[in-house]
Amino acid sequence: MYLLFGTKKILLIDSGATVSLTSFPIRQHVETIINRWCINKKKKREDLKLVVAHTHNHLDHIAGDGQFQGQLFTTVVGTTVENVSYFFKLSKWPYSIGTFALDNQRQVAIIPIPGHENASIAFYDCTTGLLFTGDSLLPGRLYIANFSANVDSIQRLLYFIESNHLNVNAILGAHIEMTQIDKVDYPIGATYQPKERLLNLSLDHLHQLNNELQEQWKAGFDQRHKAYYDAFIVDPNPSQLPPYPSNGRMAEHGFILLPLSTLDLVWISHKPMFRTPHDFQLVLMAKVTHPNVNSLSLPTNTNVLQNQWTILPDLWSLNNLLNGNMTTFSAQLFIGNFEQGGQYLCNITLEIVWPPLTIVQLNASEIEPYQPLRYSSYLLSNMIVNNQTEIHLYLLHQIRVQPDFDTIAHATIDPFNCTTDIEREKLVDLLTKNGNEWAFPGLNNELLNRLTVSSGVVRAQLLNDIYSTVCSMSIIEEIQCTLGPDFYDNCHVTSHSVCNSSSLLTILFFWLCFQKEL
Ligand SMILES: [Zn+2]
Ligand SMILES: [Zn+2]
C-alpha cells in the first residue's frame, strides 16, 4: 500500500488483504500518519480529503475498504471499471489517461492497464517519478487473466512514459515474490520470505516485459508460455495458455481413491513423480458408474477409514484428461496400495467431475520449498455430533522440492475452535471449500513433522484468506505416505491405536467390493 500526500488531498493506493479492524487496523494506522503529517505541516485534518483508490479489483487489494467507507473526510473509489472510469473521468476506457490532483503542484496520472484484472490501473506520480503498477509489474509472478488486453496495456503504459519523456525513478508493484536468486520465486501463499528481492524495479524491466509480451503475441497462441526473467515471471493463467499436446503423458496413471459422504462420489489423487509423464499433483472428484455404487459397499461410517484404496487404470494420456478431453475411464480397484501388495478387488468405471480440484505441475529443478508445512484440504463430510459441527477433511501434503513426500491425512475441525473475521454462519462454507490451502505455523516442512495421529491437535492457518482464519485441527489418521522423488517407497506409516486389526470396526470399515453378475 502507498500513501501519497498533497496539501489538499491524500491518496491511499490499495487497502490491504485483511478485513479485520482488530488484527489489521489499516485506517487507524493511515490516520495516525496523516495526523502526524498535519502537525508537521501545521494543517488541519478537516482541510484534507483522503481518497482510497485501488490498483485493481482483487480481494487482497481492497479488503480494508470497509474500514474507510462512511468515514469523515474520506472517499473510497469503487472497484469496477465503471466506478474507476467515473471517478477518474476516463471517458474511453482503457485508452484515456486520467489526472488526479493532490494539490495545485502534485499531479498523479491514471493509466488503465487491464490484463492482470479488468479494472487494473497504473499510477504515475509526476513529482517523484514513481510508477505504481500493482500486480501488473512487480518482483514476482505476473499473473495474466486476459493476455491480449495485457499485451496492449503494457505497450500503452510504456508509450505513455516514453512519448511524454517522463522520468521513472522506480517502478513499485504491490507484492514481492522473488528471492534474491535470479529467476527463483517463493511459493504462492508463502508466509516466510527471509531473503526477498528488492521491491524497486526500473524502466528496463518494463521494457523487458513489453518485449516478452510482444514476442509471445507475434509467435501466436500455440507458442504462448510462462517466461522466467531475473526479477519477475510472466505467468499467464491456464485459460490463456494453449492446451497440453494431445495424447502426451501416456501411461498407467495410478490414483489413491477415498470415499466421500456424498453418495456415489469418490475423491481421487494422482500418484505423482517429479518426472514426466507423472509430474502432476492432481485431485479430482469422480463418480463410480460401474459397478452399481450400491454393490460397492462404500464405508458409510467415515469417522476413521484405516485403509487406503488405490486404482490402476489402463494406459491413457494425462494431457487429454488435463485438457478436459477425457470424461471417463476404467481401472482396477485395490484395497491398499497396488504398488505395495494391495489386494485387487474388482474393475470399476469412473466418470470425472469437471473441473479438477487441484492441478499442480511438479518441477524437478525447483529449489525454494514450502515453509512451514503445507496441506490442501478437501471435504470428506460435515456432520453434527452432540450439537457440535464436525467437519472431516482429507489433507494432501503440497509437494514442491524433491525428494519430498506424498501424504494424505484425515483431520477434523470444529468451527467453534477457529478464530476468524468472517460471520459465523459463513464459516462452515469457508472451511469446507475444496482446495483450501493451509500452513501449519511452527512445523517445518519435513517428513518428521508430517501430520499423523501423533500430531494430535495442530494449529492451521488458512492461506489467501482475507478473514485471517486460524483453526485447531485434530489429526485422526494418516491414510498414506510415500517418499519422493518417485513416491514408490512407504514412509513407514506408524499404525495408530484407535483400533487394532482384529476389531469388529475394521471389518465394518472394510470396503467390500462385490462383482455383480449381470
Ligand atoms: Zn492481483
Ligand atoms: Zn501418472
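The values are calculated or read from the model by the stated rules, or taken from the named source; none is laboratory data. Fair warning: this is a prediction, and the values are worked out from it, not measured in the lab. Virtual Cβ from ideal backbone geometry, glycine too; neighbours counted across all protein chains shown. The area values use the complete protein model at the heavy-atom level, side chains included, leaving out ligands, DNA and RNA. Shrake-Rupley method; radii C 1.70, N 1.55, O 1.52, S 1.80 Å.
Ranked by the mean number of other Cβ atoms within 10 Å of their residues, highest first, the peptides 321-327, 116-122, 38-44 fall in the order 116-122, 321-327, 38-44. Within the stretch 161-268, the proportion of C-alpha pairs whose separation exceeds 21 Å stands at 60%.
By the rule of a C-alpha distance below 21 Å, with chain neighbours fewer than 8 residues away ignored, the lysines paired with Lys433 are Lys287.
At most 16 other Cβ atoms within 10 Å and a DSSP loop assignment: could you name the trypsin sites (Lys or Arg not before Pro) in the stretch 240-324 that fit? Those that pass, being in a loop and sparsely packed, are Arg275.
Could you tell me whether the stretch 49-183 comes out rounded, prolate or oblate from its Cα gyration tensor? Rule is a ≥ b ≥ c as square roots of the eigenvalues, rounded for a/c under 1.5, then prolate if a/b exceeds b/c, otherwise oblate. Rounded.
Ordering of 130-142, 441-453 by packing is 130-142, 441-453, highest average first (other Cβ atoms within 10 Å, averaged per residue).
Based on DSSP H segments of at least four residues, each scored -39500 (n - 2.57), the chain has a per-residue ellipticity at 222 nm of -4500 deg cm²/dmol. Residue order by solvent-accessible surface for Thr32, Thr74 is Thr32, Thr74, largest first, with ligands and nucleic acids left out and a 1.4 Å probe.
At a 1.4 Å probe radius, carbon and sulfur cover how many percent of the accessible area of the chain?
Values: 12130 of 23710 Å².
Carbon-and-sulfur percentage of accessible area, whole number: 51.
For the chain, averaging the sequence separation of C-alpha pairs within contact (under 8 Å, six or more residues apart) and dividing by the residue count gives a relative contact order of 10 percent. Using a cut-off of 15 Å between beta-carbons, work out the net charge of the residues near Ile26 (Lys and Arg +1, Asp and Glu -1, Ile26 not included). So the environment of Ile26 carries a net charge of -4. Remark: the stretch 373-490 carries 40 Å² of accessible area per residue (probe radius 1.4 Å; ligands, DNA and RNA excluded). Looking at the stretch 143-221, which trypsin sites (Lys or Arg not before Pro) are DSSP coil and have at most 16 other C-beta atoms within 10 Å of their C-beta? Here the sparse-neighbourhood loop sites are Lys183, Lys195. Ligands, DNA and RNA are left out, and with a 1.4 angstrom probe the accessible area of the stretch 2-240 is 47 Å² per residue.
Across the chain, the convex hull enclosing all Cα atoms gives 168 Å³ per residue.
What share of the DSSP beta bridges in the chain is antiparallel, in percent to the nearest 5? Walk me through the numbers before you get to the answer.
Details: 101 of 117 bridges.
Counting only bridges with both partners in the chain, antiparallel ones make up about 85 percent.
Under the convention that each Lys and Arg Cβ holds +1 and each Asp and Glu Cβ holds -1, the size of the dipole of the chain around its Cα centre is about 1580 debye. Taking Lys and Arg as +1 and Asp and Glu as -1, the other residues whose beta-carbon sits under 13 Å from that of Gln208 total -4.
Here's the list of aspartates and glutamates a cross-link from Lys195 could span, going by alpha-carbon distance under 18 Å and ignoring same-chain residues fewer than 8 apart: Glu177, Asp182, Asp185, Asp230, Glu366, Glu368.
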